[in-house]
Each structure stands twice: as C-alpha cells, then as structure tokens.
Amino acid sequence: MNKAMSPSVAGHDEASAAPSRTASRGTGATGGHGGADEIGLASSLLDGSMQQAGTQTLLRGLAILEAAAAGVRDLRSFGAVLGTTRSTTHRLVSSLVQARYLRQVQGGYLLGPKLIELGTIALEQMPLTAVARAHLQALADETLDTIHLGVRDGDDVLYIDKIPGQRGLEMRSRVGHRMPLASTGIGKAMMLDLAPQTWRELFDASRRTLAGVSFRPDSSLEPETFIKRMATYAAGGYTFDLEENEISIRCVAAPVRDASGAVVAALSVASTIPYMPLERMDELIPVVQREARAISQELGWRAPQPATRRIRR
C-alpha cells in the first residue's frame, strides 16, 4: 500500500497549523482572538444550509459508489440514480475519479483503487479475521475444501475471509461478497439463537432476493421444512447448506461466539456434492465445531459449565 501522505492528511496538517499563524497576528492576551474564539467563529460559519449541502454532496457521492458496485457504468445512468443534472453528475464523478474512489475506463467508470486500500485496512482492523485465520487454515489443511468466515450484515451474510479448496474447484463466493442469511450454511449458523418467527422472516427475505438469480439454487424447500431443519440445527449447534444457495454446492457450518455468548460470526467448509455426501457432512460437524469453538475461546467465550448436583448429607 502506498505510504505517501494523502491529500486528506496533508489538509489536516495545514488546518492544524493555521490557528497558530492567526494567533501571532493578535493584539495580545486581552485583545487578540485565541484558539477557542477561532474555533467558535469557524463553527458559526457552518450554518444549517452549509451542513445540509455538504451532507447532500456526501450522500450523493456514496450513492454513486454503491451504483458503480451494482454495475452502473456511465454518467447518464448515474444521473438517473441520483436524479441530478448531467453537469452535477459529471462534477461528482470527476471528484471521485480524482480521489481514486472511481477509475475511468473505456466504456465508463469502475470502482477505484482507493476502495481496495480502505477495504484492506478495514479487514486488518477487524480483529476477528486475525484471530480466526490460523484456525481457518487448519480446517483447510485437514479437509482440503473451501473455507469461509462470515459476519451478519442485516439480512445477509458478509464474507470476510476465504481459503480456496485444494481440489481444483472454484466457487463464486469471495471476500466482500454478500448472500442472504437463510440460503447459506454460514448464514444459518448465525441464526441459531433467533426465534422461529425470525427464521421464517429471514427465509422469506432470502426467497425474495434469490427469485431472479441465474445459478438455480434449490427453490423447492418449503417454509415448514426449513423451520424444522433450523430446530434440528439449533439443538446440534451446526448447520448445513444443501444446495440452497448454489446448485451442487454443500457446506457444513458452525457459529462463532464472543465473550458474552452472542453469535458474532460463523465459519463453514464447502465443496461439491461428490466430495460432500451426507455421510461426510455428518463426520465434519465436530471438526467444524472444534475450530469454531477455538476461535470463540480466543474472543473470550467460555463453554457453559455443567451444574454440579448437591449431595444430601
């Protein structure tokens, strides 16, 4: 990553130096404008209209980035998303290109390298990934299959780490990829502590999201069957993905808990049906749970201790 000072850092340094230069032109302790007065003056300049305009510009810029991530490529389409004129859209997009949040290519615009830098830093700042990595690698070495680590993001699972399998197979999952919770093994593992009514709501949300996908997951699962499976999973502390997210792909998953006992993430082992018969999936349950518990313990979780019976004297 480039360690050169970014424009934002340089601007911060200049702003920090400005009050001392202004103070040197003051008339002394009684008549000059000290740092506190200058801060108050600067705050008064940020009136409501300026704050509103600045917020609107920020939100528009973020909307452009989200649109680009969704596949929008040209100025006209960006303008349609924002509801802005061509000149305003061009100004916003040009600013994002200059700041490297977008990059211009033949045929339009793509997300820029600055987002890759920030995304890498965000992952590094998430201690979960650092804590989990050795355990994920151990699981990958033992199973030879694809290993995922994910966290919940609304109704979705967000993949924050992945180790590809060693069998020459490729899955469409990737770090930063999102999928509905209820359609994935790793997502269902993060649903284990939820109420059955919430299971049903997330199942319905998943079906709506996957209604038009092209990779043809198993859509024959009835809500009642899903609820029964979740009850079984909750009792056992694991989950399966039986081609509910991607045809021919199965996985075994288990939850990761923090010091409070709350589910904060999940990990999974995934492969194609020839390598994931139901018999092997059953065998993998304790293996996956072992590594999930190891990560949980590093996060401060402790397994509940069985209650001791009092012996009558």
Filter segment 116-166 for residues that are touching a helix residue (DSSP H, G or I) at 6+ places or on another chain (Cβ under 8 Å) and of a type in the set (D, E); the one that is modelled with the lowest pLDDT is E124
_Going residue by residue through segment 239-256, is there one that turns out to be among the acidic types (D, E), under 16 Å from S183 (Cα atoms), touching a strand residue (DSSP E or B) at 6+ places or on another chain (Cβ under 6 Å) and in the same structural domain as V151 (by TED's automatic domain parsing)?_
yes
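Is it fair to say D282 is outside any loop (DSSP other than H, G, I, E, B), in the same structural domain as E170 (by TED's automatic domain parsing), among the acidic types (D, E) and under 21 Å from the mean Cα position of the chain (by Cα)? Break it down into steps so the answer makes sense when it comes.
Details: outside any loop (DSSP other than H, G, I, E, B): yes; in the same structural domain as E170 (by TED's automatic domain parsing): yes; among the acidic types (D, E): yes; under 21 Å from the mean Cα position of the chain (by Cα): no.
Criteria not met by D282.
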Of the candidates Q166, Q104, the one satisfying the condition of being without any contact (Cβ under 8 Å) to a residue 60 or more places away in the chain and assigned to a strand (DSSP E or B) is Q104
>> Yes or no: segment 209-228 includes at least one residue that is assigned to a helix (DSSP H, G or I) and either crowded, with 17+ Cβ neighbours inside 10 Å or under 20 Å from the mean Cα position of the chain (by Cα) (or both).
In response: yes
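Within segment 263-278, is even one residue free of Cβ contacts under 8 Å to residues at least 24 places away in the same chain, over 29 Å from D204 (Cβ atoms) and not hydroxyl-bearing (S, T, Y)?
We begin by selecting, within segment 263-278, every residue free of Cβ contacts under 8 Å to residues at least 24 places away in the same chain; these are 274, 277-278.
With over 29 Å from D204 (Cβ atoms) added as a condition, the list becomes 274, 277.
Now narrow it down to the ones that are not hydroxyl-bearing (S, T, Y): 274, 277.
Yes: segment 263-278 contains one or more residues that are free of Cβ contacts under 8 Å to residues at least 24 places away in the same chain, over 29 Å from D204 (Cβ atoms) and not hydroxyl-bearing (S, T, Y).
Test V131 against the criterion of being in a helix (DSSP H, G or I) and either touching a residue at least 12 places away in the same chain (Cβ under 8 Å) or not assigned by TED's automatic domain parsing to the domain that holds M276 (or both), and give yes or no. If you could, list the steps in order and put the result at the bottom.
Working: in a helix (DSSP H, G or I): yes; either touching a residue at least 12 places away in the same chain (Cβ under 8 Å) or not assigned by TED's automatic domain parsing to the domain that holds M276 (or both): yes.
Criteria met by V131.
The values are calculated or read from the model by the stated rules, or taken from the named source; none is laboratory data. These numbers come from a predicted model, not from an experiment. Glycine also receives a Cβ, built like all others from the backbone with ideal geometry; neighbour counts cover every protein chain displayed.
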